[in-house]
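One structure is given here, and the rest of the page talks about it.
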Amino acid sequence: IYPNDMSEMFYNCISLTVLNLNYFRTTYLRFMKYMLYNCKSMNRLYISNTFSNSFVIDMRGVFEKCESLTTLDLANFYTPNVEIMWDMFKGCKNLKNLYIQNFDTSKVTDMQSMFNGCSNLTTLNLNHFKTPKVQYMNKMFQNCLQLESIYLSQLTTESLGTMYRMFYNCSKLKYINFFSLDGDVLSFTEMFENTSANFQFCIKDESDIPNIFNLLLQKPKVTRDCSNSCYGNNNNNRIYASTEKKC
């Protein structure tokens, strides 16, 4: 049997502690929404590289409220057709290690609250996330209380309409890299509300994102990364001008 819809398959299995999906045949799978929603006692999940999701289009809330997971290895997940990722890891409050380095986000339109409440993640490397079609990123990292560094160097905003509360309550934030951010958005209210007073950020050109950049200017202790880690090896010895937050 090759199912095309596994939505809500283990929905509210609140007492389930271990789940092995290594033998599932998912060649034609298209829908995974809320598949493991509220499996709050599950502390081990096994998904082998035979678990295919190449044709999946909807992954909303698939791991939402998996509160006991500390490690989630999705390195074999390839997501070239996924359009919806909202709430995907929302409420995974004990998650410390997340491996999603092969996610393909080129068709995704909605990432709102994707990592909302992942309060034990300290670093997120999403440099491979390409976002040409993403329209919603509101609350994407809200309440990531331990998050210190986040890398979004390929983030673009040509389709984006809202970043409302994107980093809200990321109180330990030290570094944000959104080097490729190349367009302003309509809704960015409270984007950096309750973040650290002195985090550092990396952007290429503040003139492309005047509204968002004005929010950063309102945080006097926040600084800009002018080093090679932001600009690469050809940074011409840039120095930081604190009054204008320019390199």
Net dipole in debye of the chain [+1 Lys, Arg Cβ; -1 Asp, Glu Cβ; about Cα centre; nearest 20]: 520
Where GluC sites (Glu not before Pro) in DSSP loops with at most 13 other Cβ within 10 Å are excluded, longest remaining stretch of the chain: 1-157
Choice from N97, N38, N138 with maximal GNM fluctuation in the chain (Cα, 10 Å cutoff): N97
Listed residue (N214, A75, L145) projecting farthest to the positive dipole end of the chain, Cβ model: L145
Point-to-point label distance, R25-K246, nm (Cα→Cβ direction, 7 Å offset): 6.4
Sites Y2 and T70 - FRET efficiency at Förster radius 35 Å, r taken between beta-carbons, to 0.05: 0.65
Rounded percent of accessible protein surface that carbon and sulfur make up, segment 160-242, 1.4 Å probe: 44
Electrostatic dipole magnitude of segment 85-205 [Cβ: Lys, Arg +1; Asp, Glu -1; Cα centre; debye, to 20]: 380
Spatially proximal lysines relative to K172 (Cα-Cα < 17 Å; intrachain offsets below 8 disregarded): K93, K96, K139, K219, K221
Total charge dipole magnitude, segment 1-114, about the Cα centre, Cβ charges on Lys, Arg, Asp, Glu only, Debye to nearest 20: 240
Neighbourhood net charge (10 Å Cβ-Cβ; Lys/Arg +1, Asp/Glu -1) for N116: +1
Segment 1-118: radius of gyration and largest Cα-Cα distance (Dmax), Å: 12.8, 36
Cut-off 12 Å between beta-carbons: net charge of the residues surrounding T131, Lys and Arg +1, Asp and Glu -1: -1
Solvent-accessible area per residue, Å², over segment 39-186 with all protein chains present [probe radius 1.4 Å]: 37
Tail fraction, Cα-Cα pairs, the chain, threshold 22 Å, whole percent: 54
Listed residues M59, L98, C226: farthest to the positive end of the dipole of the chain (Cβ charges): L98
Disulfide-incompatible cysteines by the Cβ rule (no partner under 4.7 Å) in the chain: C13, C39, C66, C92, C118, C144, C170
Choice from G117, G91, G232 showing the highest fluctuation, given a GNM over the chain with Cα pairs closer than 10 Å: G232
Spatial separation of Cα centroids for segment 67-128 and segment 177-247, in angstrom: 24
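The values are calculated or read from the model by the stated rules, or taken from the named source; none is laboratory data. Everything numeric here is computed off the predicted structure, so don't read it as measured data. With ideal geometry, Cβ positions are generated from the backbone for all residues, glycine too; neighbour counts draw on all protein chains shown. Surface accessibility is based on the protein's heavy atoms, side chains included, excluding ligands, DNA and RNA. Shrake-Rupley method; radii C 1.70, N 1.55, O 1.52, S 1.80 Å.
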